[in-house]
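Here, each number is a calculation from the coordinates, and none is a lab measurement. For clarity, every value in this text was computed on a predicted model and none was experimentally measured. We place every Cβ from the backbone using ideal geometry, glycine too, and count neighbours over all the protein chains shown.
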Amino acid sequence: MNSSTTTGSDDQQVQAANEAEDRQTVRPDDRTQSDATGCPEQLDSRWVGLARLERGIVWAVIGALVVTAGIGLLFVMPFPWILLVPTVWIALAGLFALSAIFWPRWEYQRWSYRVDGNVLELRFGVLWHTSVAIPLSRLQHVDLHRGPLESRRGLASIQIHTAGTREASHTIPGLDLAVANEFRDRLIEAASRRRNERETD
């Protein structure tokens, strides 16, 4: 009766052979095609907190001015017009809650981007949904921006400059720094490849 025994060394050799075969069968063209047909990518979830902070700062300045003006009006406005002052304060508090607390979350849920074939597709908008398709051959250059608040959170924005389109630039906000760098390089590579293909056609 014959028996076969597989040692740990044999298992490692088989696994190494399989990995080598996988590396040989995955060509750059295959990787590009996989990236082109991938699922839409979302912004980094930390962007929600960043957007709330930025809008909160703006509303804090507006609120300070309105409250200061309202206090002054309380001493000069007759009744019942004086009731307009607290009414305005309440309305502004509601707008603050909508703009700085709830709206960033809704924006985040509706923001997506992807490279689909030879086109960069952007989707965004809460009330009015917008879908932008940017031909990669139209890309002029891609910039990476990091403001002080973005830097503290490890985030970055990508600004895309195009030629011959209705809008000359588009921005993808709220990306992780590593993701932003990788995506920028991927866009530049894809745009350069597409332009070379058009020149050889």
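Volume per residue of the convex hull around the Cα atoms, evaluated for region 71-201, comes out as 156 Å³. In loop segments of region 93-172 as defined by DSSP, the GluC sites (Glu not before Pro) with at most 10 further C-beta atoms inside 10 Å of their C-beta are E167. Overall shape: prolate for region 82-156, with the ratio a/c of the largest to smallest alpha carbon gyration tensor axis at 1.5 or above and a/b above b/c. Overall size of region 45-111 from C-alpha positions, given as principal axis extents largest first: 48, 18, 10 Å. Shown is the FRET efficiency for H161 and A97, computed with R0 = 45 Å from the Cβ-Cβ distance and rounded to the nearest 0.05: 0.80.
Between W89 and C39, the contour length at 0.36 nm per residue exceeds the Cα-Cα span by 13.6 nm. Pairs of Cα atoms nearer than 8 Å and 6+ residues apart set the relative contact order; for region 122-174 it is 27 percent. Once R0 is set to 45 Å, what does the formula 1/(1 + (r/R0)^6) return for the Cβ-Cβ distance between E182 and T68, expressed as a FRET efficiency to the nearest 0.05? Rounded to the nearest 0.05, the efficiency is 0.45. I want to make sure I understand the PRE zone here: with the label point 7 angstrom from the Cα of R114 toward its beta carbon, which residues in region 179-197 have backbone N atoms less than 17 Å away? Counting only backbone N, you get 183, 187.
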